Amino acid sequence: MFHVNTFISRPDRKINDLSLLESNIEEYFVQIKNAPEILNLEDLLDFKYLNGAITLKYFQESLLDVTLWDLVDQLWAYILNVIENLMNLGEGETYFPDQPVKLRLNQYLGIKCSMS
């Protein structure tokens, strides 16, 4: 089973240590479905450059986690393009919108993220 979550970065928090990120997600991110908290941050958010993260798990295997955050609205569009290419061509790849992270999907190899 797939589990997908989208998070918005808290603009008032700076991420200094990636090793603390996954165990303290709520400290640095707000789930997109947490409307009251997002409304509390609305005045601090830049909707032209909305940083956030997408988590994707297949059963217990983490495929994407919060350590790979970026411009979250654009990242979703990039992921959808990769999925479309996967369905049509058997594979697809892209870089994250604002980071040198490559996302690659392959029908035989699965999902892979790597820094370039």
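Measuring from a point 7 Å past the Cα of Ile25 along Cα-to-C-beta, which residues in region 40-59 have an amide N at less than 19 Å? Answer for this model: 51-59.
With a Förster radius of 25 Å applied to the beta-carbon distance between Asn106 and Lys57, the computed FRET efficiency rounds to 0.85. Where only DSSP H runs of four or more residues are counted, the chain gives -7500 deg cm²/dmol as its mean residue ellipticity at 222 nm, each run worth -39500 (n - 2.57). The list (i) 14.9; (ii) 13.9; (iii) 16.2 gives values of Kirkwood radius over Cα pairs in Å, and only one came from this structure; which label was calculated from it? Checked against the structure: label (i). Neighbours of Ile25 by Cβ distance under 12 Å: Lys/Arg scored +1, Asp/Glu scored -1, total -2.
No value in this document is a laboratory result; all are computed from the given coordinates. Predicted model, so just to flag it, every value in this text is computed and none were measured. When we count neighbours, we look across all protein chains shown, and the Cβ atoms used for this are built from the backbone with ideal geometry, even at glycine.
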